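The values are calculated or read from the model by the stated rules, or taken from the named source; none is laboratory data. These numbers come from a predicted model, not from an experiment. Cβ: placed from backbone, ideal geometry, glycine included. Neighbour counts: every protein chain shown.
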Amino acid sequence: MESRVLSRATAFSSSLPNLRRLPRDSPNASFLSVKPIGAVADGGNLIWGRQLRPSLCSPALRKDTPLRPCLAAASSPAEGSDSAGEAKVAPVGFFNKYPALVTGFFFFMWYFLNVIFNILNKKIYNYFPYPYFVSVIHLFVGVVYCLVSWAVGLPKRAPMDSNLLKVLIPVAVCHALGHVTSNVSFAAVAVSFTHTIKALEPFFNAAASQFILGQSIPFTLWLSLAPVVLGVSMASLTELSFNWTGFISAMISNISFTYRSIYSKKAMTDMDSTNLYAYISIIALIVCIPPAIIFEGPALMKGGFSDAITKVGTVKFVSDLFWVGMFYHLYNQLATNTLERVAPLTHAVGNVLKRVFVIGFSIIVFGNKISTQTGIGTCIAIAGVAIYSLIKARLEEEKRQAKAA
C-alpha cells in the first residue's frame with residue numbers, strides 16, 4: 001500500500017488501525033524522505049533558470065513504485081478531493097501549456113521586426129547615404145542594450161576568458177564584414193534586389209563545406225542549388241536598380257556569412273545564445289569603427305550630418321538611427337531564440353519565408369518597379385532556396401536519428 005503524507009496524521013491513523021507511523025530511526029523511515037524539487041538524482045530539468053520536477057507520468061515510475069511525497073502534500077487536502085492525501089501537481093505555465101502558440105508568436109515578431117528594420121534602414125539611406133556609419137550605429141545600439149540587460153541581470157552575464165575570446169574573434173570579424181557589406185548593398189540598390197542576391201548564400205555554404213571543410217555534399221543538394229543560381233542571374237540581368245557596388249557588396253556579404261558559419265561550428269560553446277550574440281556584437285562593433293572613420297569620417301564632418309538634419313530634422317534623424325539599431329538587434333536576437341525552439345525543417349522553412357516577406361513588403365512600401373524577368377528570376381531563386389533548405393534539413397534529421405540509434 002502506498003504511503004501518504006497527511007497533515008492530520010493522528011485522525012487518519014485512528015480511523016485506519018492497520019496503519020502506524022514509522023519511527024525516525026526505523027530502516028524504512030528513509031522511504032518518507034523529502035528531496036528538493038528538481039534534485040539531480042531525480043532527473044530535475046533546468047529550463048529558463050527554473051528547476052522543474054520530473055513528470056509523474058515518466059516511464060521510470062511503475063504502478064508498484066511508491067511515490068515520494070512532495071512539499072505541497074504537507075498541507076491539508078482540498079475539500080471534495082477524491083484522494084485527499086495525494087500530492088497536488090503544480091500548475092503548468094503558459095509557455096509549457098501552449099508551446100505552438102508561443103513559437104508562432106516568436107516567428108511573427110521575428111518577421112515583423114525584420115521587415116520594419118529593412119524598411120527603416122532603406123529610408124535612412126535615402127537621406128543619409130553612409131552605410132559604414134549606419135552599420136556602426138546598428139551594433140552600438142545593440143551593445144548598449146546588452147550592457148543594460150547585463151546590468152539588471154536579464155540575462156546574467158556569462159563569464160569570458162582569453163581562450164573563448166580567441167574562438168569568438170573570427171566569428172565576430174566575419175559577422176562585422178558581412179553586416180557592413182550588406183548595408184553597402186542596401187544603400188546602393190533596392191532592398192528586394194539585395195535579398196535576391198543574398199539568396200545565393202546556401203550555394204556558398206555548400207561550396208565551403210565541400211572544398212574547405214572536406215564534407216561530402218550529396219548530388220541532390222547541389223542539384224537543388226541550380227534554380228537559385230539561375231534565378232539570381234535572371235533577376236540581375238534586368239534589375240532596374242542594378243549597379244556593381246550593390247551586387248559585389250552583397251556577394252562579399254554572402255562569403256563573409258559563409259565563413260562566419262564555418263567559424264561558428266568551431267566555436268561551439270556551452271554559453272547561451274543571448275550572451276554569445278552579445279559578445280559577438282561587442283567585438284564586431286570594435287571591428288567596424290575604424291573603417292567607418294577612414295571611409296566616411298571626412299564626408300560626415302564636412303556636411304553629412306548637417307545635410308541629414310536639414311532634410312528631416314535633428315529629432316527624426318536621431319530617433320531613426322536609434323530605432324533602426326534597436327530593430328536590428330532585436331530581430332537578430334529573436335531569430336536566434338526562435339530557431340532554437342524548432343526542428344531543422346521548420347528552421348529552413350522559416351528562413352525562406354522571412355526572405356519572401358522582406359522582398360514583398362519592400363516592393364510594396366517603396367513602390368520599386370521590377371521587370372517581368374526580374375520577378376520571375378526572384379521567384380525561381382526563392383523556390384530553389386526552399387528546395388535546398390528542405391533537402392538539407394531532412395539530411396540533417398536523418399544523421400541525427402542515425403546517431404541516436
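For region 378-398, check the following and say yes or no: at least one residue is more than 18 Å from K198 (Cβ to Cβ), surrounded by fewer than 20 Cβ atoms within 10 Å (Cβ to Cβ) and without any contact (Cβ under 8 Å) to a residue 40 or more places away in the chain.
Within region 378-398, one or more residues are more than 18 Å from K198 (Cβ to Cβ), surrounded by fewer than 20 Cβ atoms within 10 Å (Cβ to Cβ) and without any contact (Cβ under 8 Å) to a residue 40 or more places away in the chain.
Being β-branched (V, I, T) and under 25 Å from the mean Cα position of the chain (by Cα) is the filter here, so list the residues in region 346-387 that pass it.
Selection gives T346, V349, V352, V356, V358, I359, I382, V385, I387.
Applying the selection to region 388-405, what residues are more than 22 Å from the chain's Cα centre (by Cα) and either among the charged types (D, E, K, R) or under 20 Å from K354 (Cβ atoms) (or both)?
E398, K399, K403
Consider L168 against the criteria (1) modelled with pLDDT of 90 or more; (2) farther than 21 Å from F133 by Cβ; (3) more than 21 Å from the chain's Cα centre (by Cα): it satisfies all of them except one. Which criterion is unmet?
Result: L168 passes all but (3).
Could you please give the count of residues in region 282-336 that are small (G, A, S) and surrounded by fewer than 19 Cβ atoms within 10 Å (Cβ to Cβ)?
Residues that pass the stated criteria total 7.
Has region 171-180 got at least one residue that is surrounded by 22 or more Cβ atoms within 10 Å (Cβ to Cβ) and in contact with a Gly (Cβ under 6 Å, 6 or more places away or on another chain)?
no
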